[in-house]
1. Across the range 62-159, how large is the tail of the calculated P(r) beyond 20 Å, expressed as a percent of all Cα pairs?
2. With springs only between Cα atoms under 10 Å apart, run a GNM on the chain and tell me which of Tyr54, Tyr130, Tyr38 wobbles the most.
3. Could you state the number of Å between the C-alpha centres of the range 50-79 and the range 90-123?
4. Normalized C-alpha radius of gyration of the range 170-253, against 2.2 N^0.38 Å?
5. What does the extension gain come out to for His124 and Ser53, with contour length at 0.36 nm per residue minus their alpha carbon separation?
6. Could you give me the percent of Cα pairs per 5 Å distance bin for the range 144-196, shortest bin first, beginning at zero and ending with the bin that holds the maximum distance?
7. Where q = 0.09, 0.13, 0.14, 0.16 Å⁻¹, what log10 of I(q)/I(0) comes from the Debye formula for the chain, counting one point per Cα?
8. Where does the chain land at 222 nm, in deg cm²/dmol rounded to the nearest 500, when only DSSP H runs of n ≥ 4 count, each adding -39500 (n - 2.57), divided by all residues?
Amino acid sequence: MHRKIILGILLVLGVLVLTACGTSEEEIETQMAPILAYTSDKEENIKFVRTKSYDGMTIKEFTDSKYYYEVTPEGRLMTIFLRNTPNNTSPDLATKEEIHLKAEDNLKRLDYEAEKFKTVVTYHENMKQYESVSREKQDEYFTGNNIYMQYTSDGTLISISFKYENPDVLSTVDKISVDEAKEIIINYFRANASTEEFASKLSKEIIKHEVDVYNNKKVYNLYFTLDVGEGETFDFVYAVSTESGIILYRKEL
């Protein structure tokens, strides 16, 4: 009797071990899938490096011959970054048009439709680097799903990072109108110590807006450029919740 019980327990444990191994293999396949879609290396050249934890999120790191890849257990790419970043800046400066084409090519390699993204390229003189920001659109709205790419001045890809949001949030009903959101910013501008001196230059007419998703909330992106003195201008940006009117993000002096 006891022997049967022991054999039964061993059988159950064996099944559990096999199941765990199967799940692990399935997870590896899931995590490898977006890497294999992007890399030009063969599958045998993709190696697991380590497990990381960011803000309670488990991230698996892999590498091929050229890049490191950070992937969630569900197979979502979080970052791709060059293993060996060039130390010297090339004298050859790529054009913004060339970087834009490279960004679109990377979107396609990542299995995205480039036509569904609005891509803006910026050159940072102090860092001698280009940055492209590709923002996914759903009709006239932005989904909050953004892809950021950094390049050396000659157009060598340094890194790609991904920001994920839930586009379904866009279907929520607005409780705050665009005009009300603009009024919120104008009133805030007047009351804020660091911006009140420029408040007289601000009006609803110069505030542009977009509908976007930020931290799983539908928002109005409100932005405008003001002369802040001595011939300098500054781009102010605010994200205002369409539900509560709370300012969720600000970029200001």
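1. 41 percent
2. Maximum among the listed residues: Tyr54.
3. Taking the Cα centre of each part, the range 90-123 and the range 50-79 sit 23 Å apart.
4. 1.08
5. Full extension from His124 to Ser53 adds 22.5 nm.
6. 4, 14, 11, 10, 12, 12, 16, 12, 8, 0
7. At q = 0.09, 0.13, 0.14, 0.16 Å⁻¹ the computed log10 ratios are -0.57, -1.00, -1.09, -1.25.
8. -9000 deg cm²/dmol
Computed from the coordinates by the stated procedures, all read-outs in this text should not be read as laboratory data. Not measured: the values here are computed from a predicted model. So basically every Cβ, Gly included, is an ideal-geometry build from the backbone, and we count neighbours across all protein chains shown.
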